[in-house]
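Data block below; observations after.
The values are calculated or read from the model by the stated rules, or taken from the named source; none is laboratory data. Since we're looking at a predicted model, the values are computed, not measured. Glycine gets a Cβ as well: all are built from the backbone with ideal geometry, and neighbour counts include every protein chain shown.
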Amino acid sequence: MKVILVTHGKVNPKGHNGISRVVYYTTKYLRKNGVDCEIWSVVDGIDKETIINRGEGVNVRCFPRVKLSGEKSDICQKLIEKKDSVDLVHFHMPWLMDKLPVAKVCRENNIPYVVTGHSAYNYNQKQSWKMKLGRLYEIPFLNKATAMHAITSDEKQHFKEYGINTDAFVVSNSVEDNSNKLNKETRKSENINRFLFMGEIRPQKNIIGLVEAISLLDKDIRDSLKIDIVGPDSNGEMKRCLAKAEQLGVKSNINYHGAVFDSERYDYFGNADVYITPSLSDVISLSAIEAMSYGIPEVATKQSDVSSLKDEGFLVICDNSPKELARGITEMIDKKSDWAKMGENARKTYEKNFMWDSNILKLIDNYKRIING
């Protein structure tokens, strides 16, 4: 079986971009299970095809952006050259128009293609310009796909609500198990309740809503709360959030640490009592799954597509409004005596749902089903 994963960027598995990490590890584990899998990626600022070795048998074949060159672009010409040996193309590049000529080449040469949504078509984003303008070209592209890959059952429903009628299957994202690397001896005070958010700081992640939620907490809850926020600041979003925190008098509750990568992440997870996902729209982020693997209870908005986990015993679910986030934080702190058991439940949930060794076999089964018609 020959599978090409098509994406955008240099696919750094140690970077902050979730799609890049998913594409890298999907390739790694497909190859580990005997699938001939390659990453083909359109990359800004290059003018010829190059190859980057990302280690563990994973190479990224980088192509110039498609732009206006269409089917004459390097990536399309390479696909035409390899068409007789390619069984499946799997797109991981929501909204980018570069994929449209590549998909056309697939259709013209009877190569089935699959699309992973990566939360891009979640109805919670329906007011965004992408959801409105993108419908003009995304819907035809998606409805001509052989199949859609949803990361959660909620996302599969979002596909239908956006107007996607292509067959869809569900296979969860996964993270590698690094629990043996976690240092849980870094906590400074048992009187402080330490919450953690890790990810790129952009509007969709709703850190501004989290700041407003802190200001709504009862004083005794607020005085015991510290939230570590870890991740790169996108277009000054964190700067705006910190200014809001200053205005609301809650800046002392927030420690912003900037971008942290690879092994540096472990201390932050080791120091956390609770992981929090305040997102306006998401599909169970990789950092949230990583927190489960370390046995950390979580507060998450229902808009982060966690409803399938509501009965697993480690999670407080709330809406993404500041008032609801404040309620979620308060409810979690009220459960402090249960945190140890909730952490055990989080770890069990990870082992049951989010490990690569089992989920990659589900993906391969779907690939075989699609290829065999």
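Computed values, structure above
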| item | result |
| --- | --- |
| Number of the exception - residue 153 against (1) modelled with pLDDT of 95 or more; (2) in contact with a strand residue (DSSP E or B) (Cβ under 8 Å, 6 or more places away or on another chain) | (1) |
| Any chance residue 12 is loosely packed, with under 14 Cβ neighbours inside 10 Å and either within 25 Å of the chain's Cα centre (by Cα) or of a type in the set (Asp, Glu) (or both) | no |
| Residue tally, condition in contact with a helix residue (DSSP H, G or I) (Cβ under 7 Å, 6 or more places away or on another chain) and either outside any helix (DSSP H, G or I) or without any contact (Cβ under 8 Å) to a residue 12 or more places away in the chain (or both), over the stretch 72-85 | 1 |
| Within the stretch 296-353, considering residues that are in contact with a Cys (Cβ under 9 Å, 6 or more places away or on another chain) and part of a helix (DSSP H, G or I), the one nearest to residue 120 (Cα to Cα) | 302 |
| Per-region count, the stretch 280-295, residues crowded, with 24+ Cβ neighbours inside 10 Å and either over 21 Å from residue 200 (Cα atoms) or at pLDDT 95 or above (or both) | 3 |
| Residues of the stretch 296-308 that turn out to be at pLDDT 95 or above and either over 19 Å from residue 172 (Cβ atoms) or of a type in the set (A, V, I, L, M, F, W, C) (or both), as a count | 4 |
| Qualifying residues in the stretch 28-39 (those that are over 16 Å from residue 354 (Cα atoms) and buried (at least 22 other Cβ atoms within 10 Å of the Cβ)) - the one farthest from the chain's Cα centre (by Cα) | 37 |
| From the options 313, 295, residue that is of a type in the set (Gly, Ala, Ser), under 21 Å from the mean Cα position of the chain (by Cα) and on the phi > 0 side of the Ramachandran plot | 295 |
| Matching option when the condition is within 27 Å of residue 340 (Cα to Cα), buried (at least 19 other Cβ atoms within 10 Å of the Cβ) and at pLDDT 95 or above, among 227, 221 | 227 |
| Hits in the stretch 256-279 - residues which are in a loop (DSSP other than H, G, I, E, B), surrounded by 17 or more Cβ atoms within 10 Å (Cβ to Cβ) and in contact with a Pro (Cβ under 8 Å, 6 or more places away or on another chain) | 273 |
